[in-house]
Amino acid sequence: MQFPKIIQGGMGVGVSNWRLANAVSKLGQLGVVSGTALDSLFVRRLADGDPGGDMRRGLDAFPFPEMAKRVWDEYYIPGGKAAGAPYPLPPMHQRRELRKVVELCIVSNFVEVYLARQDHRNSVGINYLEKVQMPHLSSIYGAMLAGVGYVLMGAGIPLHIPGVLDALAGLRPAEYRLAVTGAAPDADTAMRFDPADYVEGPLPVLDRPRFLAIVSSNTLATTMLRRASGRVDGLVIESPTAGGHNAPPRGKLLLNAAGEPVYGERDQVDLAGLRALGVPFWLAGGYGNAKSVRFALDQGAAGVQVGTAFAFSRESGLRPDLKNSLLSQATTGTGEVFTDPVASPTGFPFKVALLQGSYSDPEVAATRTRVCDIGLLRESYAMPDGKIGYRCSAEPVANYVAKGGKVEETVGRKCLCNALLANIGHAQARKGDLMEEPALVTVGDDLNTVAQFLTPGRTSYGAADVIASLLSLTDDTVATDSSEMVYVTA
Ligand SMILES: Cc1cc2nc3c(=O)[nH]c(=O)nc-3n(C[C@H](O)[C@H](O)[C@H](O)COP(=O)(O)O)c2cc1C
């Protein structure tokens, strides 16, 4: 079995978009689109008038034309919405999903993967966060309809996803148990998805994608392999230096003088133990340079997963002004990254680039009025009447507390749903002090090292530059002929 040496890590929302994944996969490595909030992102692209016609191109290939038409008719705005007008908001997810929400997920996940797969025959992956549970079933189905080759999932313990992949590939209904705080152990909190309810004609035959679990420790790696509901094809082992969400330190949470979680010996991964598990693994978190790639291979890894280096490439979805500001900081070695223990409503530490004028700037954070209108990070909880309610620790404090949330939980929380859409140029327009939602860029600890990809005299670099550089101490060459279906090995 052939595996990629480089996985371009999933980067939500829309930083690893179809363009970046397409570029990486075309070069013979594994391009991964972010599957997080693709429904909201798709709506915003259509509301912007679908510049370039890419969404339309994807929709034209969608196997259920009536569904594609419903989504297009509802959200497409010819010529784009007026400047300063708010984006339309699709209904929020819930355990018993509205049909239109399910359809939007299927369609948007299909289109992202379809576009990433165009003009080459290599695999493309999709990344989801286990914690963002409610869109999983419909999203995965949409991605599988487009022939996704890998599903990668972290930010939680995705034990039940392999079984979902098996069910959908077997053309059977799939189930996924929603974690509901305070629910009785025997309460039925399952979400169900039957493809037969959505197809227009016979059920399309689907391949079962490979499943890679993203974990941070030997214990979790073993748990995934022993207890998952189906086959786990490999593991990405992510250290707390990685961009995005990080696993919390093991044991009691200690903060350093700056207020960041302190990681210790117990958070170190035992590579011999990983090798003994007998499945391919990729190392992630600070592996965005040739020496580290060489090290990972020498340690028996199949390769590395890299995010930060690709986030600043020309193909990524990150807003050009943010990309340029941080790239110029990297060039002078002045970029600063803070591991924020409370920003993310998930409760996981979240890496943030310190950038004046962005949401990481305390003044900006203090000016933003709390609002929850996307709701992907809401926690499901059992209400006194047994029904399921939803709350987010970044929503207006009074609302959160009225839903039984603890006021301490709200301190320092940031609305990642809105901020991450702002990062890629789809900020919601607001009335009041802040006319639009502020951005909050996440990057890995080695932000400043991305300057290595800028050759003298250049102010930008592409995914191909990253791949060539990362592979420079291996025997691999960069694939130039995309019709070759292989990860090229000399
Ligand atoms: C901008 C950005 C967004 C990220 N978003 C996600 C995500 O949505 N899901 C995920 O599993 N990992 C996410 N990550 C982590 C990457 O997939 C990858 O594992 C990590 O960046 C590797 O470490 P590095 O940043 O040192 O290269 C993100 C990383 C970055 C830089």
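The values are calculated or read from the model by the stated rules, or taken from the named source; none is laboratory data. Values in this document were obtained by computation on a predicted structure and should not be read as measured data. When we count neighbours, we look across all protein chains shown, and the Cβ atoms used for this are built from the backbone with ideal geometry, even at glycine. What goes into the accessible areas is simple: the full protein's heavy atoms, side chains included, and nothing from ligands, DNA or RNA. Shrake-Rupley method; radii C 1.70, N 1.55, O 1.52, S 1.80 Å.
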Of all residues in region 157-213, how many are among the polar types (S, T, N, Q) and assigned to a strand (DSSP E or B)?
1
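Is one or more of the residues making up region 184-200 within 14 Å of the ligand (Cβ to nearest atom) and buried (at least 22 other Cβ atoms within 10 Å of the Cβ)? Lay out the reasoning, then the answer.
Our first condition is that a residue be within 14 Å of the ligand (Cβ to nearest atom); within region 184-200, this holds for none.
Taking every residue of region 184-200 in turn, none turns out to be within 14 Å of the ligand (Cβ to nearest atom) and buried (at least 22 other Cβ atoms within 10 Å of the Cβ).
So which of GLY303, GLY317, GLY288 ends up being in contact (Cβ under 8 Å) with a residue 60 or more places away in the chain, in contact with a Gly (Cβ under 6 Å, 6 or more places away or on another chain) and under 19 Å from ILE467 (Cα atoms)? Write out each step before concluding.
Values: GLY303 fails: in contact with a Gly (Cβ under 6 Å, 6 or more places away or on another chain); GLY288 fails: in contact with a Gly (Cβ under 6 Å, 6 or more places away or on another chain).
Only one candidate passes the filter, namely GLY317.
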(1) open to solvent by less than 60 Å² (accessible area, probe 1.4 Å); (2) more than 23 Å from LYS131 (Cα to Cα); (3) at pLDDT 95 or above; (4) more than 16 Å from the ligand (Cβ to nearest atom): which one isn't true of GLY425, the others all being true?
(4)
Any residue at all in region 331-346 that's without any contact (Cβ under 8 Å) to a residue 40 or more places away in the chain and hydrophobic (A, V, I, L, M, F, W, C)?
no
Quick one: in region 235-288, of everything that is surrounded by fewer than 23 Cβ atoms within 10 Å (Cβ to Cβ) and on the phi > 0 side of the Ramachandran plot, which residue is nearest to the ligand (Cβ to nearest atom)?
GLY286
Given (1) open to solvent by 20 Å² or more (accessible area, probe 1.4 Å); (2) within 14 Å of the ligand (Cβ to nearest atom); (3) modelled with pLDDT of 95 or more, index of the condition TYR128 fails:
(1)
Return yes when GLY147 is closer than 23 Å to ARG57 by Cβ and either surrounded by fewer than 23 Cβ atoms within 10 Å (Cβ to Cβ) or within 15 Å of the ligand (Cβ to nearest atom) (or both) and no when it is not.
yes
Out of the residues in region 458-490 that are of a type in the set (Ser, Thr, Tyr) and at pLDDT 65 or above, which is surrounded by the most Cβ atoms within 10 Å (Cβ to Cβ)?
TYR461
Out of (1) on the phi > 0 side of the Ramachandran plot; (2) surrounded by 14 or more Cβ atoms within 10 Å (Cβ to Cβ), what's the single condition that is false for ALA116?
(1)
Which one of these is of a type in the set (Val, Ile, Thr), modelled with pLDDT of 95 or more and over 23 Å from PHE211 (Cβ atoms): VAL279, VAL306, VAL262?
VAL262
Say we look at region 400-459 and pick out the residues that are of a type in the set (Asp, Glu) and assigned to a loop (DSSP other than H, G, I, E, B); which of these is nearest to SER239 (Cα to Cα)?
ASP445
Which of the residues that make up region 239-260 are under 18 Å from GLY12 (Cβ atoms), among the hydrophobic types (A, V, I, L, M, F, W, C) and touching a Pro at 6+ places or on another chain (Cβ under 7 Å)?
ALA247
Quick check on my filter: what residues within region 362-394 are free of Cβ contacts under 8 Å to residues at least 40 places away in the same chain, within 26 Å of MET92 (Cβ to Cβ) and surrounded by fewer than 21 Cβ atoms within 10 Å (Cβ to Cβ)?
MET383, PRO384, ASP385, LYS387, GLY389
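Could you say which residue among ASP50, ASP39 is modelled with pLDDT of 95 or more, surrounded by fewer than 23 Cβ atoms within 10 Å (Cβ to Cβ) and more than 10 Å from the ligand (Cβ to nearest atom)?
Values: ASP39 fails: surrounded by fewer than 23 Cβ atoms within 10 Å (Cβ to Cβ).
Sole residue among the options that is modelled with pLDDT of 95 or more, surrounded by fewer than 23 Cβ atoms within 10 Å (Cβ to Cβ) and more than 10 Å from the ligand (Cβ to nearest atom): ASP50.
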GLN133 vs. criteria open to solvent by 10 Å² or more (accessible area, probe 1.4 Å), in contact (Cβ under 8 Å) with a residue 24 or more places away in the chain, within 13 Å of GLY58 (Cβ to Cβ) and in a loop (DSSP other than H, G, I, E, B):
no
Out of everything in region 8-36 that is open to solvent by 10 Å² or more (accessible area, probe 1.4 Å) and assigned to a helix (DSSP H, G or I), what residue ends up being farthest from the ligand (Cβ to nearest atom)?
LYS26
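If you take the residues of region 402-414 that are away from the ligand (no atom under 16 Å from the Cβ) and crowded, with 18+ Cβ neighbours inside 10 Å, which of them is farthest from the chain's Cα centre (by Cα)? Spell out how you get there, then give the answer.
First, pick out the residues of region 402-414 that are away from the ligand (no atom under 16 Å from the Cβ): 402-413.
Restricting the remaining residues to those that are crowded, with 18+ Cβ neighbours inside 10 Å gives 405, 409-410, 413.
On the way: GLY405: 26, GLU409: 24, THR410: 23, ARG413: 19 Å.
Selected residue: GLY405.
How about region 290-361: which strands (runs of 3 or more DSSP E) wholly inside it have at least 2 residues that are within 13 Å of the ligand (Cβ to nearest atom) and open to solvent by less than 10 Å² (accessible area, probe 1.4 Å)? Before you say what the answer is, go through the steps one by one.
Numbers: elements: 303-306, 337-340, 350-353.
Output list reads 303-306, 350-353.
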Residue by residue through region 436-459, note down the ones that are of a type in the set (Val, Ile, Thr), away from the ligand (no atom under 11 Å from the Cβ) and in contact (Cβ under 8 Å) with a residue 60 or more places away in the chain.
THR459
